[in-house]
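Undergrad: The structure's right below; bear with me while I get my questions together.
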Amino acid sequence: MPMEKDEDGFYNPVATPEAKDEPKPKAEVEEKAEASSKTDNTDLINSTFEVSVTLADQQADSSSPLYSVKTFDELGLHDDLLKGIYEMGFSRPSKIQERALPLLLSNPPTNMIGQSQSGTGKTAAFVLTMLSRVDFTLNKPQALCLAPSRELARQIMTVINEMGKFTQVQTEYAIKDHLPRNATRITAHIVVGTPGTMIDLLRRKVIDPSGVRVFVLDEADNMLAQDGLGDQTLRVKNLLPKNQVQIILFSATFPDHVRAFASKFAPNANKIELQREELSVDSIRQFYMDCRDEEHKYDILVTLYTLLTIGQSIIFCQHRHTADRISARMTAEGHHVASLHGAKDANERDQIIDRFREGKEKVLITTNVIARGIDILQVNMVVNYDLPLMNERSNSRADDVRPDIETYIHRIGRTGRFGRKGISVNFVHDRKTWQQMQQIEEQTGKKIIRIETEDIDVMEEKMRKALK
Ligand SMILES: Nc1ncnc2c1ncn2[C@@H]1O[C@H](COP(=O)(O)OP(=O)(O)OP(=O)(O)O)[C@@H](O)[C@H]1O
């Protein structure tokens with residue numbers, strides 16, 4: 001039976017291609033970025049990390065100022081869009097925006113494969129491109145955007161509606177349980193969703209693809225992964241008109257095994273790439289704690305509770321049942337925590353993430369479902385209760401389970417957004433997890449510092465210092 005990775009990162013049996021064609025969206029691998037207190041006074045805008053820019057037009061000179069802007073005004077955007085950007089509190093473009101936007105907005109439209117660390121403003125780059133390419137007088141979909149989770153699709157939608165607040169943009173979701181089964185043709189300009197539902201809407205002609213000019217994949221390496229969503233994403237692309245669609249791929253990570261496919265998926269693309277040692281931002285301080293065993297991990301988490309609630313924190317587990325179990329146990333012991341994973345129904349998921357976003361919950365226990373893209377500025381701590389692991393199928397032996405480096409980078413990237421400080425803590429509890437953490441350290445080139453589990457005061461002090 002073929003297997004498909006679901007949104008929590010688990011493999012599930014999938015139907016045969018024929019059966020899959022039927023409009024039966026599987027539990028899909030599927031807000032407003034807190035725009036308050038945005039400031040350009042961050043380390044990020046002044047950051048020095050280098051990107052390598054490869055232009056599709058070999059004659060062009062990537063060091064030319066034409067390919068990088070210092071202000072949003074230089075981009076030739078419509079005043080209504082500029083108003084939206086400034087009202088969101090963005091005064092200057094970030095590095096990725098500075099490099100990517102001139103390339104994304106130039107004509108004729110050119111495909112883009114863009115890489116930049118988590119929390120550096122990739123969303124605004126592709127949202128502005130979609131908004132500036134839409135003809136608001138045409139009432140049909142002109143830009144489609146896919147993300148790996150419903151939570152991320154909802155977040156992207158909030159950015160579109162905020163940035164496009166002074167335009168006439170109409171938007172629609174392609175996420176599970178949103179539109180009624182008898183929905184009629186979508187007249188909105190931009191549709192954002194997850195691949196299963198997008199395919200369903202295209203097949204049922206609820207989305208007419210004839211006017212589509214821009215196709216965006218956020219978390220593109222994940223959306224193109226052969227052992228994950230790649231199959232579904234390709235099917236969406238194949239339902240779009242040929243030769244008129246600008247394809248835009250963005251992610252903080254593009255592991256080697258998806259790079260070739262990405263270049264085929266978005267041919268002749270301009271490319272902005274990061275060096276391997278620059279994959280995660282330095283504003284995230286990484287720690288680990290040596291726990292005695294599984295039970296000790298739980299005890300340490302409870303000990304950390306006060307620290308977890310100074311700002312907000314996300315606790316990542318490998319399995320849904322672990323997330324449920326520890327959240328039930330902590331709740332029973334009088335702590336206030338929420339849990340979120342892909343087995344919960346759509347409505348409940350929306351409520352949980354919204355409450356967390358609004359700060360009504362401070363601690364969210366979850367799986368890989370929200371490892372990518374989620375932007376909540378107040379999150380200053382991420383705990384890898386379980387280290388992220390490659391699926392068993394990708395590992396040669398059961399006792400040689402490799403860490404999932406990309407997921408690790410995305411998980412810790414839920415903190416330290418846009419130059420803010422953040423800390424991540426890994427729990428290790430045996431030889432295997434210790435080795436896995438060492439592999440993470442080696443492959444990311446970033447030091448992970450030990451914190452004693454015995455001495456709570458020292459632990460607190462170290463952590464508070466890291467956040468200062
Ligand atoms: N030019 C800017 N000025 C100020 N804030 C900005 C600017 N661009 C983006 N931001 C803010 O930075 C935060 C991170 O942006 P965004 O979510 O787009 O990051 P990302 O690069 O997509 O990260 P990830 O890889 O985790 O998805 C958001 O809160 C966004 O509003």
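Undergrad: Being within 16 Å of the ligand (Cβ to nearest atom) and surrounded by fewer than 20 Cβ atoms within 10 Å (Cβ to Cβ): is that true of Lys83 here?
TA: Considered against the rule, which asks whether it is within 16 Å of the ligand (Cβ to nearest atom) and surrounded by fewer than 20 Cβ atoms within 10 Å (Cβ to Cβ), Lys83 comes out as yes.
Residue-wise test of (1) touching an Asp or Glu at 6+ places or on another chain (Cβ under 9 Å); (2) part of a loop (DSSP other than H, G, I, E, B); (3) open to solvent by 10 Å² or more (accessible area, probe 1.4 Å).
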| position | (1), (2), (3) |
| --- | --- |
| Ser210 | no, no, yes |
| Asn222 | yes, no, yes |
| Gln244 | no, yes, yes |
| Thr253 | yes, yes, no |
| Ala262 | yes, no, no |
| Lys271 | no, no, yes |
| Val281 | yes, yes, yes |
| Met289 | yes, no, no |
| Thr306 | yes, no, yes |
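Undergrad: Of the residues Ala338, Ala343, only one is surrounded by fewer than 22 Cβ atoms within 10 Å (Cβ to Cβ) and in contact with a Leu (Cβ under 7 Å, 6 or more places away or on another chain); which?
TA: Just a single option satisfies the conditions, and that option is Ala338.
Undergrad: Looking for something crowded, with 21+ Cβ neighbours inside 10 Å and within 20 Å of Arg320 (Cα to Cα) - is there at least one such residue anywhere in segment 432-453?
TA: Yes, the conditions are met somewhere in segment 432-453.
Undergrad: Identify, by number, the condition in (1) modelled with pLDDT under 60; (2) within 13 Å of the ligand (Cβ to nearest atom) that Ser94 doesn't meet.
TA: Among (1) modelled with pLDDT under 60; (2) within 13 Å of the ligand (Cβ to nearest atom), Ser94 violates only (1).
Undergrad: Now for a separate question. With segment 361-457 as the region, which strands (runs of 3 or more DSSP E) entirely inside it contain at least 2 residues that are among the hydrophobic types (A, V, I, L, M, F, W, C), within 16 Å of the ligand (Cβ to nearest atom) and within 27 Å of Val337 (Cα to Cα)?
TA: Once the strands (runs of 3 or more DSSP E) in segment 361-457 are filtered for at least 2 residues that are among the hydrophobic types (A, V, I, L, M, F, W, C), within 16 Å of the ligand (Cβ to nearest atom) and within 27 Å of Val337 (Cα to Cα), what remains is 379-384.
Undergrad: While we're here: Within the set of pairs 6+ apart or on separate chains, which have a first residue in segment 54-76 that is among the acidic types (Asp, Glu), a second that is part of a loop (DSSP other than H, G, I, E, B) and modelled with pLDDT of 95 or more, and C-beta atoms under 7 Å apart?
TA: Here the result reads none, with nothing in segment 54-76 linked to a residue that is part of a loop (DSSP other than H, G, I, E, B) and modelled with pLDDT of 95 or more.
Undergrad: Go through the residues of segment 138-151 one by one and say whether even a single one is out of contact with any Asp or Glu (no Cβ under 8 Å at 6 or more places or on another chain) and within 16 Å of the ligand (Cβ to nearest atom).
TA: no
Undergrad: To continue, here is another question. Quick one: which of Leu101, Leu131 is modelled with pLDDT of 95 or more, away from the ligand (no atom under 13 Å from the Cβ) and within 23 Å of the chain's Cα centre (by Cα)?
TA: Being modelled with pLDDT of 95 or more, away from the ligand (no atom under 13 Å from the Cβ) and within 23 Å of the chain's Cα centre (by Cα) holds for just one of Leu101, Leu131, which is Leu131.
The values are calculated or read from the model by the stated rules, or taken from the named source; none is laboratory data. Keep in mind that what you see is a predicted model, and the values were worked out from it rather than measured. Cβ sites come from the backbone with ideal geometry, for glycine too, and all protein chains shown count toward neighbours. Please note that ligands, DNA and RNA were not included when accessible areas were found on the heavy atoms of the full protein model with its side chains. Shrake-Rupley method; radii C 1.70, N 1.55, O 1.52, S 1.80 Å.
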